[in-house]
Structure formats: C-alpha cells, structure tokens
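Engineer: Here it is, the structure in full.
The values are calculated or read from the model by the stated rules, or taken from the named source; none is laboratory data. Computed from a predicted structure; not experimentally measured. In this analysis, Cβ positions are derived from the backbone assuming ideal geometry, glycine residues included, and neighbour counts consider all displayed protein chains. Surface areas here come from the heavy atoms of the whole protein model, side chains and all, with no ligands, DNA or RNA. Shrake-Rupley method; radii C 1.70, N 1.55, O 1.52, S 1.80 Å.
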Amino acid sequence: MTSNTLDTVWPKGSTRLVAVIGDPVSHSLSPILHNCAFKTLGLDWVYTAFTVRQAQLDQALEGVRALGIEGLSVTMPHKVQVVKKLDSCSKNAQILGAVNTISRIGNNLIGHNTDGDGFVDAIKAELGFDVASKRCLIIGAGGAARSIALSLAQNQAEKVMIVARDASRAIEVANLAGKVGQVVSPEAAKDAELIINATPLGMKGFDTSFPINPSFISPGQIFVDLIYFPLQTPMAKELQKKQVKVLNGVAMLLYQAARAFNIWTGQEAPIGQMSKALMNEIANFF
Ligand SMILES: NC(=O)c1ccc[n+]([C@@H]2O[C@H](COP(=O)([O-])OP(=O)(O)OC[C@H]3O[C@@H](n4cnc5c(N)ncnc54)[C@H](OP(=O)(O)O)[C@@H]3O)[C@@H](O)[C@H]2O)c1
C-alpha cells in the first residue's frame, strides 16, 4: 500500500490503532512522529492520544484488550504504576520498574522501556559516539537518568557517574549501572567524555540555572541535554560558545519512538521523515 491510497479514506475499517496514554497528553509529540512513520511506510495504522486519569488506568488497559488496540506509549503519571498491571515485561522494564511502551499479543499486554536504548541509539546516529569503554556522567536521578544509566552499562560504558542532589536516589541510579556505576561530585565531569543533563534545569518555564558549573566541561567533551523545549538550553548555549559538542533532546525522543514503532509493527522506523515532521512541529511552538 502507498501513502496515496491511505490519503483517500483513512482511517478506515481495517485501520489498526496505537495511542499514548497519560495525564496530560494534549502536548505530546508522539502522534506527529508515529503518524508520519505510518504514512511514510504506507501502513494502515493510526496513532492518537488518550487522557487517562490515574484512577482509570485499569479500565484503560481493559479497553486496550477489548478494543484490540495494538499498543500504547505510556507517559506521566503512569510509567511506574502500570508495570504491575501488565501480563509481562521486558528485562529492562522489569529492572527499571518503569514502562514507556506496551505491545499487545492476543489478550496479553507486554511492557517495554525504550528510553535508555533510544538514547544510546541517538548519540551513535547523531554524533557517531559509541558508549563502549567511555566515561559517562549523568546529572539527575529521575526516570530518564535511570533508564540511561542502565543502557550505558549494558553497552559497556567504562564508567557511569551520577551527580544528583538527592544522595539516596543517586545511589539507586548508580546501582542500576552495576560495577561501573558510582556517585560523584559535579567536578568529576572534567574526567567524563560524555555528560548528560537529565534534570529539567533549562527547560522552558523551569529554573534556568545551569545543572553543573560549565567550567567543568571543555572542548573535546560531549554534552547532551535531554531537554527539547527550548531546542537550546542556557547551558547548551554556554558550552557551544566554548566549542563543546552539544546535542539536544530531540534525538532521544526520536530514537526511543523508533524502537517503540519497531516493537509494534516489526518494521524499521523512517527516522529521516519523522525527524522532519518533529522539527516542523517544534518550530511552530516558537
Ligand atoms: N528527550 C527525551 O526523549 C526525554 C525523555 C525523558 C525525559 N526527558 C527530559 O529529561 C529531564 C528529566 O526527566 P525525568 O523523566 O527523569 O524527570 P524526573 O523523573 O522528574 O527526574 C528529574 C531529576 O532532576 C532533578 N531535579 C529537578 N529539579 C532540579 C533542580 N532544580 N536542581 C537539581 N536537580 C533537579 C530531580 O531531583 P529530585 O529527585 O531531587 O527532585 C531528579 O533527579 C526532563 O527535562 C525531561 O523533559 C527527555
């Protein structure tokens, strides 16, 4: 089927459905990404967004089974709570205790977490940076930090260093990275090849202070900010002035979605087209 045949009458009776659930979800960029991918590949699938309140998560999952919805993306506040409600989970979703993607096989709902591996894919594709044998430092100890720490360790990073204001959460994240994980002070960034901001510092509407002192980062190191609103945070701007290589959060958003797309459809996601659609949409916000 080509995208032209879809354009005539679509969605139709045979169309398969995927959706994101969360609260709120109206701001989600996932429908843009996945509908672009379905159209590009001429797949008779459609992706939408459902606001699901915490108290209605069980009913929503029953609805997925009853309606034969093919899969879900899961966002806040359900990522952790949903784990115990599924029939099974991938190894990483189990370790992390968090799910961002659900696939349905018959009546069974299976949880996955594509965030960390999406991050690793993103820096490989966008920067040619392979984390194997590299010293990496993550600022923050929330959900994104956890999934990235696990994937960095699984991809043979030499060190996974964690800087966070909450010491006990920092230890938990370091433990996810096993023997290569350690909690460090911000100054340890001087020794890292890759530094990742996994805090909301610099996000539109949040505190714009720097997540760590920029003097700890020099040219030759890589700084990845997971934030994509705005496309360039104050920290990223400051480091770019010093010729530090910087990547924003668009790439991770794209590559975690590409992994989810592959789980649902079995096909490789058309990253180039998805990226263009995403950038158009983001440009409309500014
Ligand atoms: N590009 C992508 O695809 C992608 C995917 C996921 C997340 N993200 C972005 O990554 C960031 C983190 O997301 P998340 O889901 O991990 O959030 P989260 O679970 O809420 O964790 C946020 C982390 O940042 C820390 N933090 C918050 N405010 C801080 C401050 N003022 N100073 C120092 N540390 C602070 C928190 O510390 P406490 O625990 O002490 O509060 C926590 O460790 C967000 O900006 C999010 O938009 C991007």
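Engineer: Leaving out ligands and nucleic acids, note down the accessible area per residue over the range 116-248 with a 1.4 angstrom probe, in whole Å². Show your work: numbers first, answer last.
Structural biologist: Details: 5860 Å² over 133 residues.
For the range 116-248, the solvent-accessible area averages 44 Å² per residue.
Engineer: State, as an integer percentage, the relative contact order of the chain based on alpha-carbon contacts under 8 Å between residues 6 or more apart.
Structural biologist: Working: 567 pairs, mean separation 43.9, N = 286.
About 15 percent, as a whole number.
Engineer: Loop only by DSSP, 10 or fewer other Cβ within 10 Å of the Cβ. Give me the trypsin sites (Lys or Arg not before Pro) in the range 130-201 that pass, ordered by residue number.
Structural biologist: Details: sites: Lys134, Arg135, Arg146, Lys159, Arg165, Arg169, Lys179, Lys190; in loops: Lys134, Arg165.
Counting only loop positions with at most 10 other Cβ atoms within 10 Å, the trypsin sites (Lys or Arg not before Pro) in the range 130-201 are Arg165.
Engineer: Mind giving me the FRET efficiency for Asp87 and Asn175? R0 is 22 Å, r the Cβ-Cβ distance, nearest 0.05 is fine. Display every interim value, and only then the final one.
Structural biologist: Working: r = 27 Å, r/R0 = 1.24.
The formula returns an efficiency of 0.20 here.
Engineer: Based on the Cβ-Cβ distance of Trp10 and Asp130, what FRET efficiency does E = 1/(1 + (r/R0)^6) give at R0 = 41 Å, to the nearest 0.05? Write out the running numbers ahead of the final one.
Structural biologist: Working: r = 40 Å, r/R0 = 0.97.
FRET efficiency, Trp10 to Asp130: 0.55.
Engineer: Please compute the contact order of the range 116-248 in relative form: average sequence separation of alpha-carbon pairs under 8 Å and at least six residues apart, divided by the residue count, as a percent. It would help to have the intermediate numbers written out before the result.
Structural biologist: Working: 277 pairs, mean separation 26.7, N = 133.
With pairs under 8 Å counted, the relative contact order is 20 percent.
Engineer: Which percent of the accessible area of the chain is formed by carbon and sulfur heavy atoms (probe 1.4 angstrom)? Numbers along the way, then the final one.
Structural biologist: Details: 6660 of 12990 Å².
For the chain, the apolar C and S fraction of the accessible surface comes to 51 percent.
Engineer: Also: Assuming R0 = 25 Å, what is the FRET efficiency of Thr48 and Leu231, from their Cβ-Cβ distance, to the nearest 0.05?
Structural biologist: Efficiency for this residue pair is about 0.45.
Engineer: Between Gln267 and Asp207, what is 0.36 nm times their sequence separation minus the Cα-Cα distance? Round to one decimal in nm.
Structural biologist: On the way: separation 60, 0.36 × 60 = 21.60 nm, distance 3.97 nm.
Result: 17.6 nm gained on full extension.
Engineer: Please check which bits of the range 206-239 a label hung off Lys245 would reach, taking the label as a point 7 Å along Cα-to-C-beta and the cut-off as backbone N under 14 Å.
Structural biologist: Backbone N within reach: 218-225.
Engineer: Hey, another quick one. Tell me the mean residue ellipticity at 222 nm calculated for the chain from its helices only (DSSP H runs of n ≥ 4, each -39500 (n - 2.57), averaged over every residue, nearest 500). Display every interim value, and only then the final one.
Structural biologist: Details: 10 runs with 108 residues, N = 286.
Here the helix-only value at 222 nm equals -11500 deg cm²/dmol.
Engineer: Here's another thing I want to ask about it. Where does each of His27, His112 land when they are ordered by accessible area, with a 1.4 Å probe and the largest first? Spell out each step's value before the answer.
Structural biologist: Values: His27 105, His112 35 Å².
The most accessible residue leads, giving His27, His112.
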